[in-house]
1. For a Förster distance of 41 Å, can you work out the FRET efficiency between the beta-carbons of B:Leu452 and B:Asp500, rounded to the nearest 0.05?
2. Of all the stretches in chain B, which is the longest one without any exposed loop site, taking GluC sites (Glu not before Pro) in a DSSP loop (any state but H, G, I, E, B) with at most 11 other Cβ atoms within 10 Å?
3. A:Val486 to A:Trp47: extension gain in nm, 0.36 nm per residue of separation minus the Cα-Cα distance?
4. Enter the per residue convex hull volume of the protein assembly as shown, computed from alpha-carbon coordinates, in Å³ rounded to the nearest integer.
5. Tell me, what is the percent relative contact order of segment A:272-323, built from C-alpha pairs under 8 Å that lie six or more residues apart?
6. How are the C-alpha pair distances of segment A:298-451 spread across 5 Å bins, as whole percents from the shortest bin up?
7. Using only the Cα atoms, what convex hull volume per residue in Å³ does segment B:295-515 have?
8. Which residues' amide hydrogens lie under 5 Å from the amide hydrogen of A:Asp132, considering only partners 5 or more residues apart or on another chain, with H built in the peptide plane?
Amino acid sequence: MGTTMHLLSFSDIWRSMGPEVIVIGGAFLIMLIELLLPQNKRHIVPWLAVIDVIIATFLIISRFGGGILVYSSADYVVDGFSSLFKILILLSTFFVILLAIVEQRKHKLPYEYSYLLLFASGGAMIITSGIDLVLLYVGLELLSIATYILVALNRKDGRSAEGGLKYLIVGSIASATILYGLSFLYGVAGSTNLGQIAVALQNAWTSDSAILFVSFGLILAGIAVKISVVPFHLWTPDVFEGAPTPVTAYLAVISKAAVLAFMLRILIFAFGQKYQDWWLLIAWLSVITMVVGNFGALAQGNVKRLLAYSSIGQVGYLIMPFAAIGQSQNVSNMWQALSSMMFYLFAYALMTIGAFAVLSKVAQTRGSEQVDAFAGLYKRNPWLAVMMTIFLLSLAGLPLTGGFFGKFMIFLVAFNAGQYWLGVVLFATSAVAFYYYFGILKAMFVLEPVGDEEPIRAGGLLQVIVGLCALGTLYLGLIPGPFLTVLNNVHWFG
Amino acid sequence: MEDVLLLIVVIPLIAGLFVLAMPARSHGVIRAIGLIGALIPACFALAAYLAFDQRQINLQFPFTTTWMSIANAYNSLTLHINLGFGVDGISMPLVMLVGVVSTLTMIRSFKVTERVKSHYFWLLFLTMGMYGVFAASGIFTFFFFLESTLVAGYLLINIWGGEKRHYAATKFLIYRGLASVVLLAGLIGLAYVYASTAQAASNSVFIPNAPNFLTFSISQLLTEAQLIHIPAASQDVLFLVFLLAVLMEEAFVPFHTWLPDTHEQSDTGTNMMIGGALMKIGLYVMLRFAVSMLPLGLAHYATWLAVLGLVSILYGAIVAIASKDWRRLIAFSSISHMGLVLLAIGSMQEIGIQGAVFMLVSSGLLTALLFFTVGAQADRTGTYKIENLGGLSKSLPVISGVMLVAALGSVGLPGLSGFISEFSLFVGGFAAFPTLSALASLSMILAAFYLLWAMQRTTFGPANQALPDMVDADVIEYVPMVILVALVVLLGVFPGVLGDVVHGTAQAIAARIGG
């Protein structure tokens, strides 16, 4: 890490925060353009956001593997960890904006979403790179505030407004809890830099252990709310149901990924020394999250709520590798855990966004989000039915899909670390998940269409989104080799 | 000949894709593609069966290609995952069985008129899955095909089944889904235990693929099973996991309730596939993994196997007596027969292992034949209820006659395949568990009772006046009946055609488990 203070030059900023500058600067620019454009030309605004995201993605990819860069006396770091998370965030944002464009045509969403999504993603990207408490918190708030508005985007729909308010209240409390916890950390360590905190805490654990555990508890609780870990998950189904579908996908994927990155940074950097004392807590959180998420989904008739519960269960899988390294002192277990989590995140992003995309189309044309709306989908639109099958099988964790391979990798982590019980719970809850995912499958292929037999016409753009997500899901399941190689060779932390 | 297994597995899938490409209304073309798509791999399977080298005990016709590698998967070992196929004396007969059953099912399903295209696609997909399960030489490959049978079976029951098909399909899914998850845990556990033991033993023992100790290749694990000594405690735990999976997968008591429901609600073609081939997977897993690779675990739980087998034998037979529906009767009868295989495996005798494979094949053929004939009469009478039938031998002499052959085969009449199977199973069983086997032999009497009594109520006696006028078997229906009866007689009269293939492998397994 950098030892000497030096002034940040513009070129430093560009080299460190280039993608963030493009995303957030682009958001401001697009906001301005939207204001200036006449009403009938505004439909190009979201496309500008898409272009913005593509440029930022290519910038990250072109710099990928270019070594670890630390800036501004070690407050901002560009390492493998942050780059992979940023690619994930931007890739998902790309799909979400496209999905919003499709949804827009039917629902007349206000165009604000195009730059709000960019702001949120900018915040998410800052979280992944920041190694300073203030920076991390600023990123978290940028992400949160933008998503509060996004949930309530569908102003005229009561459920959307309700979901927005709920999310605002719960999310703000969570942010406040995190901030409170961070303040103790600063109080004890005397610095907001994670590296210096880690050094200061080496001694502080003996003198101030109580306050540090309070701080740990507060931060963990706040994070748990944001990524909907049981028992902090109760807001999730309501908000997911109320929010416009693209925003739901955003919350399920990007919001969770970013806060997961936040959690990893803070817990590993600041509290890593006391890992032995708290890994079991995370393990149990992961277990109850898997159990409650998957069993909760059993009772749902609304597909959006079902996917909300299923996404709770998926979070349980995602935090498991982190807990599973358990008592093992071997650093290679840590890299394996990070690889498996990253792999599963990519698979999760693709299959979740894909499933939400199909859902949004079906819900639009059938006017219902119930499982019944999927009845006879195979007759109405075979293409969508087959694509949805891929996503569902992947979510359920059947072989040849990214979802299976991701779970398999996580299972290997648990096995390697000797935490067999976690692996067993992982597969046991997956078996429960068969039941509700196959319920949708049955509706699509077995049941006759309810009401008329009118086919569902999917527009070209939707087909592209769904097709790309399905392709990615299958690619990760069939040929995971190349991506695994990338994950094996990455330098995770700076 | 090298890639024959790959072709056998891939051709049904390709045919399935062709079916999908056809317009939904051209039923004739779709049926033809379905039949060809099942017939060609069946012919390849026959060619492989004839070319099978009986002296060799390794997996034959190996095809392996590296799929992916996961670095540092365990103890700094790299996990290589292969897509691989290969057969030995246990799996070769079962691959052949899938060939016979799937081809004849395609013929039987000519009668399906509803959603023909999807029906043939899923039948072909199921065929691919079952070929893959039996031909796989890698754990990953095996598991993928196992899961594909789950999807195909679920949809086949769910779309073309009877009144309560949704219930039955869900039950099928839950039991088999749970079983496959438990099985996966056992398989990965097996690979890991082998890896760590092999790594520890590599100083004193030569391990063929060192230093790649972590392997999912079945042939490698089989080789290592003879070289290294897995601690008894690990073997016991793993064996228990496999046992649990097999109990669910193979519908042994007390996990049996899904099978009668499935059979009662499925259409005839699906029943032939499930009863004829799919229901052999569980015991195949037992022989392939649990018995061959965990000999100490088997020794530890041998009595348990025998007792569980006996429970299934007697319970299945007794419930079969009380069954009012032909399909439920066949389901319970097959549970009873499979219990006998479990008992024989518990005996740890060579002849028991050989008899197990005989029984799997024989019961596959007979179950398929029973379902076919029962389905054929139900097409005409419109009912499976035994009490509503009667006197069919007058109106449907051919179908009734073949049904009687199938029933007698199941009872174990000498000269038919059931006899030689039960005989070798009992020889094995009596050697180890005289009392349990004596109790089990009651099942032969019970089987004679429930099958012949049901036959008597169905085909003999006064004709039920409420039944419509009926025409006996048509030309198309002769094909499956003739082929299956011929095979049943062939195995009964010349058991060597199967025994020669099985013998070497059964001997090798018996040597491992000390029988």
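Derivation of every value follows stated rules applied to the coordinates shown; laboratory data play no part. As the structure is a computational prediction, the values presented were derived from the model and not from experiment. Heads up, the Cβs are rebuilt from the backbone with ideal geometry, glycines too, and the neighbour counts pull from every protein chain shown.
1. 0.80
2. B:164-515
3. Extending this stretch completely gives an extra 155.0 nm.
4. 165
5. Computed over segment A:272-323, the figure is 47 percent.
6. Pairs per bin, as whole percents: 2, 10, 19, 21, 16, 12, 8, 6, 4, 2, 1, 0, 0.
7. Numbers: hull volume 22.3 nm³, N = 221.
Dividing the Cα hull volume of segment B:295-515 by its residue count gives 101 Å³.
8. A:Leu194
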